[in-house]
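Below is one structure, written out as structure tokens; comments come after it.
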Amino acid sequence: MLELKNVSFKVDTEDGEKEILKDINLKIDDKFVAITGPNGGGKSTLAKIIAGIYNPTGGQILLDGEDITNKSITERAQMGISFAFQQPVRFKGLTVGDLITLASGKKISVSEACTYLSEVGLCAREYIDREINASLSGGELKRIEIAMIMARSTKLSVFDEPEAGIDLWSFNNLIRVFEKMNEKTNGSIIIISHQEKILDIADKIIVVANGEVKSYGTKKDILPALLRNENTSFSCVKL
């Protein structure tokens, strides 16, 4: 279980100190949680604080009861936290197979690496030896990144707006990948998103706005109000 206690995050600006997150209190132990809210509300900052990319300026973060507040991104990765960026990183000279093997943390066979690619809807024979370079589309990179996370078998996988920069066909394929990942994973998945289709497959939805948690509950309780744009400063996007 992931627990955030009174987590805050402030940055210095030309106009003085700005509070991005304000006293966040959350307990996340569901299998699939979506975090949504208006742009600039603090969603991505919250995701990066969970992953260890940013350190909170106040509060405490616990993973399965262990205090990880001051642990680095590397230490958190070793403890089982994965983070997928909006724009996946390209690694010149490395093949898709190399990355999946590295992600697994152990020596795996080509057939095992191919299995992970098949799980995300990619023809393994066509991708296993391809370099991670500009020839791959955004949708392909997203699915390869998910295959890497599946190979790691992490306790907690965090995705920051995985739909960013991909076309409708790739997005629909991505939804199917997340549905399959939700069925098979033994850990928890947190996805930052505005997309109705992603929110609709989540067990719980957290709405973050103005640096605060505005609501947290099941999709049955939260999603209808978002679709009607009631009591919110944004609406989720239908694709």
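The values are calculated or read from the model by the stated rules, or taken from the named source; none is laboratory data. Source: prediction; values computed, not measured. Glycine gets a Cβ as well: all are built from the backbone with ideal geometry, and neighbour counts include every protein chain shown.
At pLDDT 80 or above and either outside any helix (DSSP H, G or I) or surrounded by 15 or more Cβ atoms within 10 Å (Cβ to Cβ) (or both), is that true of K214? Before you say what the answer is, go through the steps one by one.
Numbers: at pLDDT 80 or above: yes; either outside any helix (DSSP H, G or I) or surrounded by 15 or more Cβ atoms within 10 Å (Cβ to Cβ) (or both): yes.
Spelling it out, K214 is indeed at pLDDT 80 or above and either outside any helix (DSSP H, G or I) or surrounded by 15 or more Cβ atoms within 10 Å (Cβ to Cβ) (or both).
Please give the number of the condition K31 fails out of (1) surrounded by 18 or more Cβ atoms within 10 Å (Cβ to Cβ); (2) within 17 Å of the chain's Cα centre (by Cα).
Unmet for K31, out of (1) surrounded by 18 or more Cβ atoms within 10 Å (Cβ to Cβ); (2) within 17 Å of the chain's Cα centre (by Cα): (1).
Do we have any residue at all in the range 155-176 that's small (G, A, S), surrounded by fewer than 21 Cβ atoms within 10 Å (Cβ to Cβ) and more than 28 Å from G37 (Cβ to Cβ)? Reasoning before the result, please.
To start, the set of residues in the range 155-176 that are small (G, A, S) comprises 157, 164-165, 170.
Then drop every residue that is not surrounded by fewer than 21 Cβ atoms within 10 Å (Cβ to Cβ), which leaves 164-165, 170.
With the extra rule that they be more than 28 Å from G37 (Cβ to Cβ), the set shrinks to none.
Within the range 155-176, not a single residue is small (G, A, S), surrounded by fewer than 21 Cβ atoms within 10 Å (Cβ to Cβ) and more than 28 Å from G37 (Cβ to Cβ).
Quickly run through the range 57-71 and pick out the residues that are closer than 25 Å to A103 by Cβ and either crowded, with 16+ Cβ neighbours inside 10 Å or more than 20 Å from the chain's Cα centre (by Cα) (or both).
Those that are closer than 25 Å to A103 by Cβ and either crowded, with 16+ Cβ neighbours inside 10 Å or more than 20 Å from the chain's Cα centre (by Cα) (or both): I61, L63, E66, I68, K71.
Within the range 190-205, can you find the residues that are under 16 Å from K31 (Cα atoms) and free of Cβ contacts under 8 Å to residues at least 60 places away in the same chain?
D200, the sole residue that qualifies.
So which residues in the range 199-226 are in contact with a Phe, Trp or Tyr (Cβ under 7 Å, 6 or more places away or on another chain) and among the hydrophobic types (A, V, I, L, M, F, W, C)?
Result: I201, A202, I206.
Restricting attention to helices (runs of 4 or more DSSP H) lying wholly within the range 1-115, give those where 1 or more residues are in contact (Cβ under 8 Å) with a residue 12 or more places away in the chain and over 16 Å from R152 (Cβ atoms).
Answer list for the range 1-115: 43-51.
With the checklist (1) over 26 Å from K184 (Cα atoms); (2) over 15 Å from the mean Cα position of the chain (by Cα) in hand, flag the one item T74 doesn't pass.
Exception for T74: condition (1).
Is it true that S170 is within 30 Å of I108 (Cα to Cα), at pLDDT below 80 and either among the polar types (S, T, N, Q) or assigned to a loop (DSSP other than H, G, I, E, B) (or both)?
yes
So, S118, is that one out of contact with any helix residue (DSSP H, G or I) (no Cβ under 8 Å at 6 or more places or on another chain), modelled with pLDDT of 80 or more, assigned to a helix (DSSP H, G or I) and not acidic (D, E) or not?
So S118 fails the test.
Buried (at least 16 other Cβ atoms within 10 Å of the Cβ), under 27 Å from I73 (Cα atoms) and at pLDDT 80 or above - does that describe any residue in the range 224-239?
no
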